[in-house]
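Readers should treat all values here as calculations from the given coordinates under stated rules, not as data from a laboratory. Just so we're clear, the structure is a prediction, and the values are computed from it rather than from any experiment. For neighbour counting, all protein chains shown are included, and Cβ atoms are generated from backbone atoms with ideal geometry for every residue, glycine included.
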Ligand SMILES: [Zn+2]
C-alpha cells in the first residue's frame, strides 16, 4: 500500500500552544457543565415543588445547555488528537464542527421558545392562560440568572484571551440563558405579585428571537471557518508582513483557511530570477517564521515565481535589502 512517507512540517510550537489552549478551554467547559447541572437540577426540583411552569421551562432550557457543552467538550477532545493518515493536518476542525452544532442547538431552542411564546400569547387572548404560581420561584430564577451572567462574562473573558471559539460560543449560550432566567423571573414576579399575566408569553417570544439571533451568530462564524472563508483584512495584513521579508520582490496572491482556530497559509511570491533554490527555500521559511510570530499559523504552502529578467535587474524593485 502506498503510504505518505513524510508528514507535513506542522509547527510544533503552534501545535503545543493550541493543545494548551484546548486543555484550558476544556477545563472551563467542565466548570460550565457543573453549573448547568446544578442550576437545572435545582430549578426542576423547586419548579416541580412550587408548580411553577415557567421555572420548569427555564430548567429545561438549561438542560439543553448541558447538551451543547457536552458537544463542545467532545469536539475539543477530538480536535486534540494528533494527525493521522486520514487527517494530515490534524483534527482541529472538530472544534469548529462542535461550535457549529452548538449554534444549531441554540437556533432550535430559540425556535421552540418562539413557538411556545406564540401559543401562549394565543392562549392568553383566548382567556385560558395559566399563570406561573408562587413568588419564591422567582428567587431561584434570579439565582440562575446571576450565575449564568457571571459565567457568561468569565467565558467571554477567557475566550478573548485565548481566542477560543468554543468558549465564545459558550459565552453566547450563557448570555441567552441569563436573559431567559431574567425573563422567567420577571414573568413570575409580574404574575404572582402584580397580576400582570401578559409578561410571560411576551418575554418568551422576545427571548426566543434573541436566542435565534445568538445561535445564528455562532452558526455563521463557524460556517465561515468550515467553508474556508478568510478575512480580507487579515489577508492584506499577511501580504504586508510577507513584503517585509528580505528578498521578496512581490506577492502574487495569499489565501488562508482555518483548521480549528489555527491558520494555514497558501501564497505565491516573486523572487529574483537568479536566486538559488536554497536561498528561495530559506526565504519561504523566514516568511513562515515571521507569520508564526503573530498568528497561529500551522504551516505555509508557498509557491515561488521567478521575476522576469528585466524586473530583477532593476534594483529599485527590491523594497527591503538584506542587512
Ligand atoms: Zn483522523
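At-a-glance table
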read-out	value
Quarter of the Cα convex hull surface for region 12-226, i.e. its orientation-mean projected area (nm²)	11.8 nm²
Relative contact order of region 232-317, defined on C-alpha pairs under 8 angstrom at six or more residues apart (%)	31 percent
Between helix 277-294 and the chain: long-axis angle, C-alpha atoms, 0 to 90°, nearest 10	30 degrees
Over the chain: helical MRE at 222 nm, DSSP H runs n ≥ 4 each giving -39500 (n - 2.57), nearest 500	-24000 deg cm²/dmol
Between region 70-99 and region 39-54, the alpha-carbon center distance in angstrom	37 Å
Contact order normalised by residue count of region 165-323, Cα under 8 Å, 6+ apart, percent	19 percent
Antiparallel bridge percentage (DSSP; both residues within the chain; nearest 5)	55 percent
Percentage relative contact order, the chain, counting C-alpha pairs under 8 Å, at least six apart	18 percent
Evaluated at q = 0.11 Å⁻¹: base-10 log I(q)/I(0), Debye formula over Cα of region 1-78	-0.48
Full-stretch length increase - residue 198, residue 277 - with 0.36 nm per residue and alpha-carbon distance subtracted	20.9 nm
Taking 275, 84, 255, 58 and counting other C-beta atoms within 10 Å, the order from fewest to most	84, 255, 275, 58
Acute angle (nearest 10 degrees) that the helix 137-162 long axis makes with the longest principal axis of the chain, alpha-carbon atoms	0 degrees
Estimated distance in nm for a label pair at residue 252 and residue 226, the labels positioned 7 Å out from Cα along Cα-to-Cβ	3.3 nm
Among 121, 244, 53: highest mean-square fluctuation, GNM of the chain, C-alpha pairs under 10 Å	244
Two-decimal Rg to Rh for region 232-317 - Kirkwood Rh, Cα set	0.98
Fraction of antiparallel bridges per DSSP, region 232-317 only, in percent to nearest 5	55 percent
Candidates 55, 234, 291: whichever shows maximal mean-square fluctuation once the chain is modelled as a Gaussian network with Cα springs under 10 Å	234
